[in-house]
Amino acid sequence: MDDHPDHSTEILLAEYAALRSEAERRATIQWNVFALQIASAGAITSLAIAAATNVALLLVVPLVSYMLGNRCILHDFHLKLIRRYVRESLSSRLSGHLQWESWRDRALGPETARRRWFTPTGWNAMHPTRLAFAGVAALALLGALTAGVFLWIARSPTWYVITGFGLGWLVGAVATVQLHLTFDRAGDDHAAENALP
């Protein structure tokens with residue numbers, strides 16, 4: 001006689017194992033994106049400060065930060081989806097035996113992530129991951145502006161060089177502001193989960 005409940009439990013546990021594997025894969029990719037951001041920002045900045053004529057390369061940093069920062073946030077979003085699915089769907093079908101996600105939510109509490117500035121649980125402005133993306137982009141913009149003004153005074157470049165530099169700086173500033181806003185939206189676990197259909 002086929003024992004149907006045990007078969008269903010095996011399927012649900014296999015699904016849970018696959019979700020844990022997916023979460024681990026996404027967390028690894030998220031870390032790799034972080035490492036790539038640090039390496040690329042460092043390489044671009046070192047090339048930019050190697051010679052005064054390379055200062056415009058600093059304007060590439062905000063664009064790279066925007067692209068990689070959004071990849072990092074995307075993986076974080078999917079990790080939250082997996083946690084939510086395990087907590088709200090899979091655990092109930094396994095008679096509430098999967099307790100980690102609900103225990104974690106109770107232990108952290110909804111205010112913990114946003115109230116404390118120096119915690120690893122939220123995307124607040126002082127979070128190291130956020131600083132590695134939005135902070136580095138803002139510093140690159142500040143450095144490019146300072147160097148650009150200095151070179152403008154010292155060398156008096158042509159109008160098209162100034163215009164190109166100004167447009168590049170504005171594009172970088174818009175990308176940095178958008179990245180900042182994206183981190184703000186991602187910082188609220190409950191808002192991100194409630195935005196889902």
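In the range 156-177, the residue that is farthest from residue 135 (Cα to Cα) out of those that are aromatic (Phe, Trp, Tyr) and surrounded by 14 or more Cβ atoms within 10 Å (Cβ to Cβ) is 165.
Residue selection: residue 89 fails the criterion of being modelled with pLDDT of 95 or more, among the polar types (S, T, N, Q) and either over 12 Å from the mean Cα position of the chain (by Cα) or loosely packed, with under 13 Cβ neighbours inside 10 Å (or both). In the range 19-46, the residues that are more than 20 Å from residue 91 (Cβ to Cβ) and in contact (Cβ under 8 Å) with a residue 40 or more places away in the chain form Cβ pairs under 7 Å with partners that are part of a helix (DSSP H, G or I) and acidic (Asp, Glu), at six or more places apart or across chains, as follows: 30/76.
Report yes if residue 117 is modelled with pLDDT under 75 and either touching a strand residue (DSSP E or B) at 6+ places or on another chain (Cβ under 8 Å) or farther than 21 Å from residue 26 by Cα (or both), otherwise no. Judged against the criteria, residue 117 is a match. Restricted to the range 144-197, and to residues there that are among the acidic types (Asp, Glu) and modelled with pLDDT under 85, the residue that is farthest from the chain's Cα centre (by Cα) is 193. Does residue 66 meet the test of being at pLDDT 95 or above and among the hydroxyl-bearing types (Ser, Thr, Tyr)? When the stated conditions are applied, residue 66 passes them. Here are some residues: 39, 14. Which one is assigned to a helix (DSSP H, G or I), exposed (fewer than 14 other Cβ atoms within 10 Å of the Cβ) and within 25 Å of the chain's Cα centre (by Cα)? So the residue among 39, 14 that is assigned to a helix (DSSP H, G or I), exposed (fewer than 14 other Cβ atoms within 10 Å of the Cβ) and within 25 Å of the chain's Cα centre (by Cα) is 39.
The values are calculated or read from the model by the stated rules, or taken from the named source; none is laboratory data. This structure is a prediction, so every number in the text was calculated from the model and none was measured. Counting neighbours? That spans all protein chains shown, and the Cβs are built from the backbone with ideal geometry, glycine included.
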